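Q: Dropping a structure here in structure tokens format, bear with me for questions.
The values are calculated or read from the model by the stated rules, or taken from the named source; none is laboratory data. Given the structure is predicted, the values throughout are model-derived calculations rather than measurements. In this analysis, Cβ positions are derived from the backbone assuming ideal geometry, glycine residues included, and neighbour counts consider all displayed protein chains.
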């Protein structure tokens, strides 16, 4: 057996699992947990630490709006979080809906079919500190959740059902056995498996490229600002209308764009929540990622702060605590990729969740595990859908 570059592999002494899950975020750990619950032998490998990517650098809010194709997955995710939190006590999630105020200055772009619609006066009543006059708003269901704690709890759930979790174990390439993926080459040697699930976010295209596959996922850089405790409290989380579609639908950057410095301006929309200690977590920005360094796109931070102050002026006097950034995976149509890749046996994708990985995570993990175990896949989320659109 050789890796995709043809180099000999060190045979690992690890037990060969039925399924190898690559990626230790919320998608990978929930997929591993549901697979193990279903009786599969599972090994999960993570290149760094659990929740070291987007899952651990999110606003920590389980909320919509959801595309119609994801509403069932979102509801199953919420119930799974609540159930595991009650059973284990290993992480925190709001027991009751706190509501998220979605706002729109001109009333356009608000979610439909979710939550309670508000007129402009009702928006002011919903959040008296809001200085921005809005034509309309919607309060949609939302709950705070501890992202890192949730990922760790799902990893422990996977272990409890027999899964092996390996951290600091980066995958260098996938093993190609004549058109079938037979495992992965890691820094600890080769791990052979009957099926490999890539829950590797924006790095999925790099791993799949060695097999001659171009996965239609791009990296989208986002920044979040966290403050010290504020001397006031927001009544509920606040989100401007969903803005990620602008990056998803935008053209891919070319080498010429980067050479000329035409990397675009980050899309900024206010997203804010307040934790139990009174700290404000502010977002958000989205821009095409052009590197994996934490200095990529740092100029978005002042824009996030300006927009937050425009909405809630007292924020201007609150001391800053930290900034965080990560690269989120966005498919070309904004929906995640769940399912096998045509023409390559033994490979399953579980990626492309944009900034909604935490919200859709357990439901996605359950759906991917069910597909692996039972062969049932939702065609609306199948990777083949984008291939069909490209050839249409």
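Q: Any idea which of (1) assigned to a loop (DSSP other than H, G, I, E, B); (2) exposed (fewer than 14 other Cβ atoms within 10 Å of the Cβ) is the one residue 132 doesn't satisfy?
A: Checking residue 132 against (1) assigned to a loop (DSSP other than H, G, I, E, B); (2) exposed (fewer than 14 other Cβ atoms within 10 Å of the Cβ), the one that fails is (2).
Q: Within the range 69-96, track down each residue that is in a loop (DSSP other than H, G, I, E, B) and over 21 Å from residue 114 (Cα atoms).
A: 89, 90, 91, 92
Q: For the range 154-236, list the strands (runs of 3 or more DSSP E) that sit wholly inside it and hold at least 2 residues that are within 19 Å of the chain's Cα centre (by Cα), at negative phi and in the same structural domain as residue 123 (by TED's automatic domain parsing); which are they?
A: So the answer is 217-229.
Q: Kindly indicate whether residue 373 is in contact (Cβ under 8 Å) with a residue 24 or more places away in the chain, under 14 Å from residue 31 (Cα atoms) and either in contact with a strand residue (DSSP E or B) (Cβ under 7 Å, 6 or more places away or on another chain) or in the same structural domain as residue 209 (by TED's automatic domain parsing) (or both).
A: Judged against the criteria, residue 373 is a match.
Q: For residues that are part of a helix (DSSP H, G or I) and closer than 14 Å to residue 94 by Cβ, scanning just the range 141-153, find the one that is farthest from the chain's Cα centre (by Cα).
A: Out of the qualifying residues, it is 149.
Q: Please determine, by comparing only the residues of the range 21-50 that are crowded, with 24+ Cβ neighbours inside 10 Å and assigned to a loop (DSSP other than H, G, I, E, B), which one is farthest from the chain's Cα centre (by Cα).
A: Going through the qualifying residues, I end up with 46.
Q: Looking at the range 304-313 only, could you name the residues that are in a helix (DSSP H, G or I), closer than 16 Å to residue 273 by Cβ and more than 25 Å from the chain's Cα centre (by Cα)?
A: Answer for the range 304-313, where residues must be in a helix (DSSP H, G or I), closer than 16 Å to residue 273 by Cβ and more than 25 Å from the chain's Cα centre (by Cα): just 311.
Q: Any residue at all in the range 27-44 that's at pLDDT 95 or above and at positive phi?
A: yes
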